[in-house]
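Following this message is one structure expressed as structure tokens.
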Amino acid sequence: MAANFWTSTHYKQLLDPEEVDVVQPADKEKGITVEDFKLIKMHMATYIWRLAPQVKVRQRVVATAITYMRRVYT
């Protein structure tokens, strides 16, 4: 992990909001809208956050899991 976020590779690879909230064509065919897509990501992040105390993991692990989930959905 970089000591400075602004010099990290994570910062250099940040996506614009227009690139993040894009529904794939296969999902569009199923009727999923951008609003639905945002709700799915929010719901999954909340689910991970609520699951964390039950499996006793650190906050850093939870944040990493949420970040990975969002990257997969993107």
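Please find, within region 1-52, the residue that is farthest from the chain's Cα centre (by Cα) out of those that are in a loop (DSSP other than H, G, I, E, B) and hydrophobic (A, V, I, L, M, F, W, C).
Applying the filter and picking the extreme gives ALA3.
Could you please tell me which pairs satisfy a Cβ distance under 7 Å, a separation of 6+ or placement on different chains, a first residue in region 10-38 that is closer than 18 Å to THR67 by Cβ, and a second residue that is surrounded by 10 or more Cβ atoms within 10 Å (Cβ to Cβ) and aliphatic (A, V, I, L, M)?
ASP21/VAL34; PHE37/VAL23
Here's another thing I want to ask about it. Test GLN59 against the stated conditions and say whether it is closer than 22 Å to HIS10 by Cα and not aliphatic (A, V, I, L, M).
Yes.
Another question, if that's okay. Of all the residues that make up region 53-62, how many are surrounded by fewer than 14 Cβ atoms within 10 Å (Cβ to Cβ) and assigned to a helix (DSSP H, G or I)?
6
Keeping to region 22-39, report how many residues are closer than 15 Å to VAL72 by Cα and open to solvent by less than 60 Å² (accessible area, probe 1.4 Å).
3
Next up: Could you list, in sequence order, all residues of region 5-21 that are open to solvent by less than 70 Å² (accessible area, probe 1.4 Å) and modelled with pLDDT under 80?
Across region 5-21, the qualifying residues are VAL20, ASP21.
The values are calculated or read from the model by the stated rules, or taken from the named source; none is laboratory data. Small disclaimer: the values here were computed from a predicted structure and weren't measured. Note: ideal-geometry Cβ built from the backbone for every residue, glycine included; neighbour counts use all protein chains shown. Only protein heavy atoms, including side chains, enter the accessible area calculation; ligands, DNA and RNA are left aside. Shrake-Rupley method; radii C 1.70, N 1.55, O 1.52, S 1.80 Å.
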